[in-house]
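Chemist: I am attaching a structure below and will ask some questions about it afterwards.
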Amino acid sequence: MAYGEENPESATPAVAAVAPAAAPAATPFWYPIRDAFVSVQKKVEAIQKADSENERLRLENAHLRLKLEALSYDRREKKAEKNTQEVGTRLKLETGSKLGRTLASMTYKPPMHLTPDQLHLLGLTYFKSREDEKAAVIFSMLIRAEDNEEFRTAENFLLAGISWYRLENLPLAERYFDSVIHSSHGTAGPVAGQAWLWKAVIAERQGNHKKSQEWLKEVLNQNPHSKEAAWVNSKEEANRAVASGK
Amino acid sequence: MLWPLGSKALLAVVLSVALLPVAHAKSTRDSDGKIPCAVIENASGLVQVMDPSRTQLLDADPKTPIDCDGWVSVTKGWVSIVHRDGFKIQLSAQTFAQFPENNTDGKRSGDPVILYRGSLHARTGGGSGELRVVTANARTRTVNGSAIVVFNESDEETQLLALEGESAIENRFHAAARTALGSGEASNLNFKRMRILPSIPNPMAVASLRFKLVEFKLPEKEVSLALQLAKERQERKFTAASAAQRKIASSSVKPVVKAKPKQSSKWVSEHLSRKLAGGMSGGDRILFPEKTITPAHTPQLKIEDPSFNSAKKAELDREKQRLMEELSQLRFD
C-alpha cells in the first residue's frame, strides 16, 4: 500500500453518521420587555401594598394617640372635678364657704424691705383697690407681729376682718371683729359699730338670724343716731329720738 | 434585530412607569355641605389633622379644613388656625387640641377649643366675641385681646397669660371661682394649695414671656406690644385701681368743697332750741354753751411810764408834727 493509502481492512469503522441537531429558534425581541414589565409591575404592586399598609399604620397610630390623649384628658377631668368637690367641702367646713381662702392657700408674700408703716400704707392701698388677698396677708402680719404692738388697733382689726370676710373666711373675720369690740372696751364708736354690723352680716350668712338681729340691736342701742344705725333702719327711724313714743 | 439589553431594560421601566396605576389616591373630602369649624392658615413642622369620623388623617396644608369635633396634633413646629367665629389661634409644639361644635343652640354658647395639652395663643377682636378655651380643670375667656393658654400635663396646671386686653380664668367645675386679669398679668389653677380659685393675678416676667413667645410664629409688632405691656405692668408701683382712677395729668388731691349751710337747717335748729328750752330766752346758751363762750382774751403787754404826764405828751406831739413837715419837704434828686 502506498503511503497514505488507507487499508480498507484496518480502517476505523466509520461512525454512523448522525444528522446534526437543529439550531434553537430565535426568541422574539419582546420577551425581555415583557419580563421587565412583569418584574416592574410586581415591584410596583409591592410598593403599593407597602404604601397602603403604611397609611393604615399611620391611621392606626393616630387612632391610638387620639385614644391615649382622650383617656388622659378624661382622667384629668375627673380628677379635677373630684378635687374641686373635695377641696370645696373642706373649705366649707373650715371657712364657711367653698371659695374661702386661708393663709396657707395664698401665695402672696409681702415685700420685706419695707418698714411697718410703709407696709401698713401698702395694705391700705390694696384694701381700697379690693386686692383682698394681699391686704389680708399684710394686715394679719402686722397685727400678729410679736415685736410691735403699734398696729394692734381697732381700725386695723376692722380692716383685717373686712379683708378676710371678702375672702370668704368667715370664722377668721369674726375673730378680728371680736378683737375690734374688745379693743374698743365696749365703748360706742364708729369702729365698734361697724364691727357689730359685720358680725351681724356674718351671723346672717351662717344662718343664725337670731344672732344677727342681736348684733343689729346692739348697734342701735349703743348709738341710735349714728351712720351705722342709719344703715340698719330707714332714715326716719334713725332720726327717731331714743325712748320716744313712736 | 435585537436591541442591546440595557436599552431594553430602560424601555421596560419607562413603559411600566407610564402605565403604572395610581398606588395611592389622595381622597377628596366630602364636605357634606357643612361649614368647617376652622381652617388652617399656615403650618410648619409635623402637624396632623384628624377628622371627627377618624377615617382620614390629613397633613396640615394651608386651607385644609378642620371639621367640627376634629383634632389637631402638633408634634413639632407650629400651626396657625382661623376659627369660623373669627378667632386666630396658634398651636405650638407638643400640643393637642380639638375644635368642637360650639353652636348647637344657635347662640354660640359652647366652647370653641378644647386644649388637651400644650400651648395655645389666641387673638380675638373685630366682633369675634368671647373665646373660651377649655382644659381639663379650667376655662379661660378672652375678649378683644390676646392671651396664651398653657396646660402642663405633668403638673396638671392651667396657666393663662393675658397679653393684651382683659381675660379671665375660672375653675370649670365652679363658675364663681373666677379671676380676672389685665394686660401683662398671669394666673394659674392647680390643686396644690387648698383652693379651688385660680391664683391672684401676678405681673409676668418679661424674660419668661419672651421665651414663651418664641414658640409661636407671631408678627414682630405683636410680640413687641406684648412685651411692652408686660414691662409696664411689671414696673407699675401702685395697685391697678388707684392708678386707673386718677385722670391723666390731674392732681391726685381732690379740692375740698365746704357745703354751704342750708337756710332751712338754721331755722330748724332755732325752732328746736326754743322747743327744748321751753320757750326760755337764751335757750341757745343752755343747749349749746360752747357757742356763747367768747373767745379767750389774748394778753397784751403794755408799758406805761409813770413820769409821763399830759404836758409832756403835748410837747411830744408838737415835735412829732414838726418832724413830719420837715420830712415832707425833702426832695431827692
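Chemist: Would you point out the residue of the range A:40-61, among those that are more than 8 Å from chain B (Cβ to nearest Cβ) and open to solvent by less than 90 Å² (accessible area, probe 1.4 Å), that is nearest to the chain's Cα centre (by Cα)? Even if it seems obvious, please write down each step before you answer.
Modeler: In the first step, residues of the range A:40-61 are kept if they are more than 8 Å from chain B (Cβ to nearest Cβ); the result is A:42-43, A:45-46, A:49-50, A:53-54, A:56-57, A:60-61.
Narrowing the set further to residues that are open to solvent by less than 90 Å² (accessible area, probe 1.4 Å) leaves A:46, A:50, A:53-54, A:57, A:60-61.
Values: A:46: 51, A:50: 45, A:53: 41, A:54: 39, A:57: 35, A:60: 32, A:61: 30 Å.
Applying the filter and picking the extreme gives A:61.
Chemist: For the range B:125-149, enumerate the residues that are under 21 Å from residue B:178 (Cα atoms) and in contact (Cβ under 8 Å) with a residue 40 or more places away in the chain. Show your work before the answer.
Modeler: First, the residues of the range B:125-149 that are under 21 Å from residue B:178 (Cα atoms): B:129-149.
Of everything in the range B:125-149, those that are under 21 Å from residue B:178 (Cα atoms) and in contact (Cβ under 8 Å) with a residue 40 or more places away in the chain turn out to be B:129, B:131, B:137, B:138, B:146, B:148.
Chemist: May I ask you to say which residue of A:163, A:140 is within 14 Å of chain B (Cβ to nearest Cβ) and either in a helix (DSSP H, G or I) or open to solvent by less than 10 Å² (accessible area, probe 1.4 Å) (or both)? So that I can check it myself, show each step before the final result.
Modeler: Numbers: A:140 fails: within 14 Å of chain B (Cβ to nearest Cβ).
Matching residue, one of A:163, A:140: A:163.
Chemist: Quick check, is residue B:223 modelled with pLDDT of 85 or more and more than 14 Å from every other protein chain (Cβ to nearest Cβ)? Write out each step before concluding.
Modeler: Numbers: modelled with pLDDT of 85 or more: yes; more than 14 Å from every other protein chain (Cβ to nearest Cβ): yes.
Considered against the rule, which asks whether it is modelled with pLDDT of 85 or more and more than 14 Å from every other protein chain (Cβ to nearest Cβ), residue B:223 comes out as yes.
Chemist: Let me ask something else. From the list A:28, A:24, A:32, A:13, which one is more than 30 Å from residue B:98 (Cα to Cα), modelled with pLDDT under 90 and within 7 Å of chain B (Cβ to nearest Cβ)?
Modeler: Details: A:28 fails: within 7 Å of chain B (Cβ to nearest Cβ); A:24 fails: within 7 Å of chain B (Cβ to nearest Cβ); A:13 fails: within 7 Å of chain B (Cβ to nearest Cβ).
Being more than 30 Å from residue B:98 (Cα to Cα), modelled with pLDDT under 90 and within 7 Å of chain B (Cβ to nearest Cβ) holds for just one of A:28, A:24, A:32, A:13, which is A:32.
Chemist: From the list A:122, A:114, exactly one residue is part of a loop (DSSP other than H, G, I, E, B), aliphatic (A, V, I, L, M) and more than 28 Å from the chain's Cα centre (by Cα). Which is it? I'd like the intermediate steps shown before the answer.
Modeler: Values: A:122 fails: part of a loop (DSSP other than H, G, I, E, B).
Within the list A:122, A:114, the selection yields A:114.
Chemist: Listed residues A:93, A:64, A:71; which is under 30 Å from residue A:208 (Cβ atoms) and open to solvent by 30 Å² or more (accessible area, probe 1.4 Å)?
Modeler: On the way: A:64 fails: under 30 Å from residue A:208 (Cβ atoms); A:71 fails: under 30 Å from residue A:208 (Cβ atoms).
Answer to the check: A:93.
Chemist: Next up: Is there a residue being part of a helix (DSSP H, G or I), more than 14 Å from chain B (Cβ to nearest Cβ) and more than 26 Å from residue A:91 (Cα to Cα) anywhere in the range A:197-208?
Modeler: Here is the first cut: in the range A:197-208, the residues part of a helix (DSSP H, G or I) are A:197-205.
Subset that is more than 14 Å from chain B (Cβ to nearest Cβ): A:197-205.
Okay, now just the ones that are also more than 26 Å from residue A:91 (Cα to Cα), so none.
So far as the range A:197-208 goes, no, none of its residues is part of a helix (DSSP H, G or I), more than 14 Å from chain B (Cβ to nearest Cβ) and more than 26 Å from residue A:91 (Cα to Cα).
Rundown of residues vs (1) crowded, with 17+ Cβ neighbours inside 10 Å; (2) not in a strand (DSSP E or B), yes/no style:
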residue	(1), (2)
B:115	yes, no
B:143	no, no
B:151	yes, no
B:163	yes, no
B:166	no, no
B:169	yes, no
B:192	no, yes
B:200	yes, yes
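Chemist: Go through the range A:87-103 and give me each residue that's within 18 Å of the chain's Cα centre (by Cα) and small (Gly, Ala, Ser).
Modeler: Matches in the range A:87-103: A:88, A:100.
Chemist: Is it fair to say residue A:168 is modelled with pLDDT of 90 or more, in a helix (DSSP H, G or I) and of a type in the set (D, E, K, R)? Steps first, please.
Modeler: Values: modelled with pLDDT of 90 or more: yes; in a helix (DSSP H, G or I): no; of a type in the set (D, E, K, R): yes.
Against the criterion (modelled with pLDDT of 90 or more, in a helix (DSSP H, G or I) and of a type in the set (D, E, K, R)), residue A:168 does not qualify.
Chemist: Please go through the range A:90-101 and pick out each residue that is assigned to a loop (DSSP other than H, G, I, E, B) and at the interface with chain B (Cβ under 7 Å from one of its Cβ atoms). Working first, answer last.
Modeler: Of the range A:90-101, the ones assigned to a loop (DSSP other than H, G, I, E, B) are A:96-101.
Matches in the range A:90-101: A:98, A:99, A:101.
Chemist: Quick check: anything in the range B:191-204 farther than 17 Å from residue A:133 by Cα, away from chain A (no Cβ under 13 Å) and more than 10 Å from the chain's Cα centre (by Cα)? Give the steps one after another, and end with the answer.
Modeler: Pass one, the range B:191-204, residues farther than 17 Å from residue A:133 by Cα: B:191-192, B:204.
Then keep just the ones that are away from chain A (no Cβ under 13 Å); that gives B:204.
Restricting the remaining residues to those that are more than 10 Å from the chain's Cα centre (by Cα) gives B:204.
Within the range B:191-204, one or more residues are farther than 17 Å from residue A:133 by Cα, away from chain A (no Cβ under 13 Å) and more than 10 Å from the chain's Cα centre (by Cα).
Chemist: Oh, and also: Of all residues in the range B:52-71, which are of a type outside the set (A, V, I, L, M, F, W, C) and either part of a loop (DSSP other than H, G, I, E, B) or open to solvent by 70 Å² or more (accessible area, probe 1.4 Å) (or both)? It would help to see each step written out before you state the result.
Modeler: Within the range B:52-71, the first condition is being of a type outside the set (A, V, I, L, M, F, W, C), and the residues that meet it are B:52-56, B:59, B:61-65, B:67, B:69-70.
Of everything in the range B:52-71, those that are of a type outside the set (A, V, I, L, M, F, W, C) and either part of a loop (DSSP other than H, G, I, E, B) or open to solvent by 70 Å² or more (accessible area, probe 1.4 Å) (or both) turn out to be B:52, B:53, B:54, B:55, B:56, B:59, B:61, B:62, B:63, B:64, B:67, B:69.
Chemist: Here are B:69, B:85, B:61: which of them is more than 11 Å from every other protein chain (Cβ to nearest Cβ) and under 16 Å from residue A:73 (Cα atoms)?
Modeler: Numbers: B:85 fails: under 16 Å from residue A:73 (Cα atoms); B:61 fails: under 16 Å from residue A:73 (Cα atoms).
Testing whether each residue is more than 11 Å from every other protein chain (Cβ to nearest Cβ) and under 16 Å from residue A:73 (Cα atoms) leaves just B:69.
The values are calculated or read from the model by the stated rules, or taken from the named source; none is laboratory data. Keep in mind that what you see is a predicted model, and the values were worked out from it rather than measured. Cβ sites come from the backbone with ideal geometry, for glycine too, and all protein chains shown count toward neighbours. Keep in mind that these areas ignore ligands, DNA and RNA; they rest on the heavy atoms of the full protein, side chains included. Shrake-Rupley method; radii C 1.70, N 1.55, O 1.52, S 1.80 Å.
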